[in-house]
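In what follows, a structure is listed as structure tokens, so that the remarks can point back to it.
FYI, it's all coordinate maths here, none of it is from the lab. Bear in mind the structure is a predicted one, so any value in this text is a computation, not a measurement. Note that each Cβ is placed from the backbone with ideal geometry, even for glycine, and that neighbours are counted across all protein chains shown.
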Amino acid sequence: MMVPEVSALLLTLRLALVTTGVLLILGTPLAWWLATTRSRLRPVFETLVALPLVLPPTVIGFYLLIALNPTTPLGGFWLTLTGETLTFSFTGLVIGSVLYSLPFMVQPLQAAFETSARIPMQLAASLGAAPLDAFFTVAVPASIRGFVTGVVLSFAHTLGEFGVVLMVGGNIPERTRVVSIAIYEQVETLNYQQAHGLSGLLLALSFCVLLFVYVFNRRFPVHVG
């Protein structure tokens, strides 16, 4: 059997990688729409995206626990399809993490699209480029800082999640027990040395990924137009 702390660390890294990948896929079109739409509903969607920044994680976790349990249509469908519940599972952790970290991906991308990509996209359109082709060949390269910031912040934010993952996934070793929960458990049992080690590891990881963002953004400044 794997050492509990190693298992929790590997599960945390896996959760952060999967969550970041899902957020990149879902957050990119959402951020582009928010950056370019003239819909009157834009403030509503921007508010929904930003809600996890102000809501306590336990509130999000509580409503997800209700929405994903096997008695709901979504939870029941998943149980029938896979034989497993969404609650107290890795899949449930991913869903909770995606919702909780959504603004950390969408907001940097939206800002990058608004400041760096609009004028180049207009030029590409005037030259006859198809919208999808112009997006990948013009908007994405022009917004690389936003992508790097969104990816790194989403990854780092997922590393330290506690309230959401505890509510949705509980504390099941090698299944839902991530590092933040392991730290809490060590503190509860007065094992401060182990808690120090895990906390220091998260602190070092978070510092390194944030340092990377700041160094990258200084070396690659924004060029508009």
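Let me have the relative contact order for the chain, percent, based on Cα pairs under 8 Å that are six or more residues apart. Reported as a whole number, the value is 29 percent.
In this simple spin-label approximation, ILE25 and ARG218 carry label points 7 Å from Cα along the Cα→Cβ vector, and these lie 3.6 nm apart. Once the Cα-Cα distance is subtracted from the 0.36 nm per residue extended length, the THR85 to LEU203 segment shows a gain of 39.2 nm. Each peptide in 7-13, 24-30 gets a packing score, the mean of other Cβ atoms within 10 Å over its residues, and the list from highest to lowest is 7-13, 24-30. Residue ranges 93-105, 175-187, 150-162 sort as 93-105, 150-162, 175-187 when ordered by packing (mean number of other C-beta atoms within 10 Å per residue, highest first).
Only DSSP H runs of four or more residues enter the estimate; each adds -39500 (n - 2.57), and after division by the residues of the chain the mean residue ellipticity at 222 nm equals -23500 deg cm²/dmol. Charge dipole of the chain (Cα centre as origin; +1 on each Lys and Arg Cβ, -1 on each Asp and Glu Cβ, all else neutral): 660 debye, rounded to the nearest 20.
Since only PRO173, PRO141, THR12 are under comparison, the one whose Cα sits farthest along the positive direction of the charge dipole of the range 4-219, derived from C-beta charges on Lys, Arg, Asp and Glu, is PRO141.
Applying 1/(1 + (r/R0)^6) with r as the Cβ-Cβ distance of VAL59 and THR36 and R0 = 35 angstrom yields a FRET efficiency of 0.65.
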